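Remarks on the structure that follows.
Taken together, the values in this text are just the output of simple stated rules run on the coordinates, not laboratory data. Here the structure is a predicted model, which means the values were calculated and not measured. Using ideal geometry, Cβ is built from the backbone for each residue, glycine included, and neighbour counts are taken over all protein chains shown.
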Amino acid sequence: MKINEAKIIITGAGSGFGRAMSLDFSKQGAKIYAIDIDTSAMKSLKGEDVNIETFLCDVSDNIQVEKTVGEIYALDKKTNVLINNAGIMKNALMVNIMSRPDSRHSIDLWKKVIEVNQNSVFYMTRSVADKMIRNRNKGAIINISSISARGNAGQTAYAASKAAVASMTKVWAKEFGVFGIRSVAIAPGFIDTAGTHDALEEKMLAQWIDKTPLKRTGTIEEVVKTVAFAIENDFVNGEVINVNGGLTI
Ligand code: NAP
């Protein structure tokens, strides 16, 4: 599918990868249905391109997801790409001996990360894939996983959620293939974003860069290009595409 033929729902479109994909793909002629929880980010994105429609929605809440997806398909039955991008990056050790009185990983933090990063992908895909199949729309589900799915220390919840995203991608590749709907995951490594700098001490980030054969972080544009490739190549299905400068080879 060519980008300019795509009608794309993007979650977490208010910032980072989501905002960059919305702007890049809309400029190439795609219709964008941008979803985010952040009101001001959605207001600012709406004015950027006539091809962008914005929707306020907490994608970890299935009632809001059903309502928003219903509104999008009422506008455009031919919506044929879903990019599950919304996510939060939170770090915590499973047992932190420096943390008193309770040294154990917070259960509330665990639930929050699983709700936003994992349950949202299930809710969105459940709703959108059903509509795509009923409307006989061929297309693609693109899920943003992470290098962390391999098990980064200090990221029990985040790593588990991103491994689930990679795993669901493979299930859906098998289940939806017969309808002409592909599923592909993208697993970025260390990308130069505000979230990366918030989540990691600079010393730690420098160590990861040193372990990366290309000796640098990736750029948002390099992630956007990989998502574009996944949308456009109609024979890529069920893969988790790494974008990490060779860190995992
Ligand atoms: P970002 O800049 O924080 O953007 C994420 C957007 O999602 C924000 O606008 C955020 O709104 C929104 N959001 C959060 N929770 C939401 C919810 N429940 N419903 C709807 N929208 C919600 O993140 P990013 O760095 O672009 O990362 C995008 C994705 O890539 C995430 O899934 C992340 O895990 C993954 N990833 C990122 C990196 C990296 O280096 N940045 C590496 C690997 C994977 P608020 O700002 O209001 O929270």
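Looking at (1) closer than 21 Å to Ser183 by Cβ; (2) out of contact with any Gly (no Cβ under 8 Å at 6 or more places or on another chain); (3) assigned to a loop (DSSP other than H, G, I, E, B), find the lone condition where Tyr123 falls short.
Condition (3) is where Tyr123 drops out.
How do the pairs read when you match residues in the range 122-142 that are touching a residue at least 24 places away in the same chain (Cβ under 8 Å) and within 14 Å of Glu175 (Cα to Cα) with residues anywhere that are of a type in the set (Lys, Arg) and surrounded by 24 or more Cβ atoms within 10 Å (Cβ to Cβ), using Cβ under 9 Å and keeping only pairs 6 or more apart or on different chains?
Matching pairs, first to second residue: Lys138/Arg182; Gly139/Arg182; Ala140/Arg182; Ile141/Arg182.
Regarding the range 156-164, can at least one residue be identified that is over 18 Å from the mean Cα position of the chain (by Cα), without any contact (Cβ under 8 Å) to a residue 40 or more places away in the chain and either surrounded by fewer than 24 Cβ atoms within 10 Å (Cβ to Cβ) or more than 16 Å from the ligand (Cβ to nearest atom) (or both)?
For the range 156-164, residues over 18 Å from the mean Cα position of the chain (by Cα), without any contact (Cβ under 8 Å) to a residue 40 or more places away in the chain and either surrounded by fewer than 24 Cβ atoms within 10 Å (Cβ to Cβ) or more than 16 Å from the ligand (Cβ to nearest atom) (or both): absent.
Hey, can you tell me all the residues within the range 195-240 that are closer than 23 Å to Gln155 by Cα, of a type in the set (A, V, I, L, M, F, W, C) and under 16 Å from the mean Cα position of the chain (by Cα)?
Scanning the range 195-240 gives Ile220, Val223, Val240.
Sort through Val95, Val81, Val69, Val50 and tell me the only one that's over 23 Å from Lys111 (Cα atoms), free of Cβ contacts under 8 Å to residues at least 40 places away in the same chain and not hydroxyl-bearing (Ser, Thr, Tyr).
Testing whether each residue is over 23 Å from Lys111 (Cα atoms), free of Cβ contacts under 8 Å to residues at least 40 places away in the same chain and not hydroxyl-bearing (Ser, Thr, Tyr) leaves just Val50.
Looking at the range 185-202, which of its residues are near the ligand (Cβ under 9 Å from one of its atoms) and under 17 Å from Ile142 (Cβ atoms)?
Those that are near the ligand (Cβ under 9 Å from one of its atoms) and under 17 Å from Ile142 (Cβ atoms): Ile186, Ala187, Pro188, Ile191.
For Ala149, only one of the following conditions fails: (1) closer than 26 Å to Met94 by Cβ; (2) among the aliphatic types (A, V, I, L, M); (3) not in a helix (DSSP H, G or I). What is its number?
(3)
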